[in-house]
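First the structure, in the form of structure tokens, and then the observations on it.
The values are calculated or read from the model by the stated rules, or taken from the named source; none is laboratory data. From a predicted model like this one, the values you see are computed outputs, not experimental measurements. Here Cβ is always computed from backbone atoms with ideal geometry, including for glycine, and neighbour counts include all displayed protein chains. Heavy atoms of the whole protein, side chains included, go into the accessibility calculation; ligands, DNA and RNA do not. Shrake-Rupley method; radii C 1.70, N 1.55, O 1.52, S 1.80 Å.
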Amino acid sequence: KAYKPFLEILEKYKEIKFNFHYTGSLLLWIEKNHPEHIEKLKNLVKEKRIEIQSGGFYEPIMPSIPDKDKDIQIQKLNNYIKDKFDFNPKGAWIAERVWEPTLVKNLAKNEIKYIMLDDSQFLTTGIDTKNIFGYFITDNENYKLNIFPISQELRYLIPFREVEKSIEYLKLIATEEGDRVVVLHDDGEKYGDWPGTQKWVYEDKWLEKFFEALSEEKDIIKTTTYSEYMQKFSPISKIYIPTGSYEEMLTWVLPAKVQDEFHTKLEELKKSSENDIITRFMRGGFWRNYFSKYSESNRMNKRMIYASNVFEEFDKSKNNNKDKETALDYLLQGQCNCPYWHGTFGGLYLNNLRHSTYSNLIKSTSISEKNIYGKNYFIKKEIDFDMDGRDEIIVSSEKETLIFHTLSGGKYKRAVYDSGKR
């Protein structure tokens, strides 16, 4: 409904360039079910009409997983892109644009030169809003990274408003020097899979009209890739962006009552242009507080950290390499971001997503422990599993893992792994 028709229409417009990010999960599915789509992408890369971005292979929220796993997730998608498309990715997509400044090091040391974040995240630095049409450079621990601002204005225009509105906005930004860039980097599902967009984008030919308009205005509006733009132009300035994400995400993480109050007050202020300087600094919460807001999210996250630590112990051993690859892949799959938080369309409250995550993490831990301790193993540990300041007792064997919360009456969470079933 979305990816296939979009690509088919793009192929017709030879002068229009695009930037694409596919998660590793999606690429694996496409490779298995629609290998012709991979070939189409490969040809567009070869013609230098598209640039493909890397990121975390299984699309984790990067700040929520261990540093060693961040590196593995990025390297895994880098290697896949190099293998399938004969292309060395220089950019990375940050899942849900959940940003923490320490990510600079993990990205830069894994060959990533640039990322994209929402322009609202830039505004909290006090930046001049008239000087945001370019890219910026930041650093951490002597590692450098370039950051492009994603235009909120374009996110709301494309593809939901008439083509003319977007063209008018782009022409308004254009200068004689031709050194300005404005970025739209958004969900591909908005082009045919979101409610109502199949008719609007394809049946009513919005996308074709948009590409036609871009072709007609090619002397004023030029499409480009991130790397091409960076080769021609230097960064505007140095910048240090605080922790954050897009506006909706930072609202959803707040407690329900506070969320309503914050949203009401923010909307009141936005109605007055005199309050622009206030609203640009008004942000919601901090993504990690999903672990505080929902015990289910916290337990899942800590189960993932536990699985990562157990695998690290297995990885240091001299045991079966094939088992290591399998246990690692299950761990990485269990880091996929979707079940750890919620938005409007799904997430934490969908049991099938939580089930899949736990299934992967249990399989990873079971394989690791069996290789560390041997068959019919039985181990007991006392650790602060859920990081609440009190130790839990973990009893683990080949068939099950029991976690006892001793200070709450010996309750336990039970997870069973048997012949690949949870």
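So the values come out like this:
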quantity: Number of positions in the range 107-120 that are open to solvent by 10 Å² or more (accessible area, probe 1.4 Å) and either at positive phi or part of a helix (DSSP H, G or I) (or both); calculated: 4
quantity: Qualifying residue in the range 183-198 (condition: farther than 20 Å from Y13 by Cα, buried (at least 16 other Cβ atoms within 10 Å of the Cβ) and of a type in the set (G, A, S)); calculated: no
quantity: Matching residues in the range 217-234 - criterion: being of a type outside the set (S, T, N, Q) and either touching a residue at least 60 places away in the same chain (Cβ under 8 Å) or outside any loop (DSSP other than H, G, I, E, B) (or both); calculated: K218, Y226, E228, Y229, M230, K232, F233
quantity: Pairs with Cβ under 6 Å, 6+ apart, first in the range 235-262 and aliphatic (A, V, I, L, M), second part of a loop (DSSP other than H, G, I, E, B) and open to solvent by less than 40 Å² (accessible area, probe 1.4 Å); calculated: I236/G134; L250/G284; L250/G285; V253/G285; L254/G284; L254/G285
quantity: Selected residue (criterion: nearest to I112 (Cα to Cα)) from residues of the range 147-182 that are surrounded by 13 or more Cβ atoms within 10 Å (Cβ to Cβ) and of a type in the set (F, W, Y); calculated: F148
quantity: Any hit, the range 266-284, residues being surrounded by 14 or more Cβ atoms within 10 Å (Cβ to Cβ), modelled with pLDDT of 90 or more and farther than 27 Å from I74 by Cα; calculated: yes
quantity: Residue among S295, S366, S308, S359 that is surrounded by fewer than 17 Cβ atoms within 10 Å (Cβ to Cβ) and not β-branched (V, I, T); calculated: S295
quantity: Scope the range 212-238; condition touching a Leu at 6+ places or on another chain (Cβ under 7 Å) and of a type in the set (K, R); matching residues; calculated: none
quantity: Filter result (open to solvent by less than 60 Å² (accessible area, probe 1.4 Å), assigned to a loop (DSSP other than H, G, I, E, B) and within 25 Å of S297 (Cβ to Cβ)) within the range 238-265; calculated: I241, P242, T243, S245, Y246, V253, L254
quantity: Residue within the range 55-70 that is open to solvent by less than 10 Å² (accessible area, probe 1.4 Å), in contact with a Leu (Cβ under 8 Å, 6 or more places away or on another chain), among the small types (G, A, S) and not in a helix (DSSP H, G or I) present; calculated: yes
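Listed here are the residues, each with its yes/no results for (1) more than 30 Å from the chain's Cα centre (by Cα); (2) modelled with pLDDT under 95.
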{"position": "L328", "(1), (2)": "no, no"}
{"position": "T344", "(1), (2)": "no, yes"}
{"position": "I372", "(1), (2)": "yes, yes"}
{"position": "D391", "(1), (2)": "yes, yes"}
{"position": "K399", "(1), (2)": "yes, yes"}
{"position": "T406", "(1), (2)": "yes, yes"}
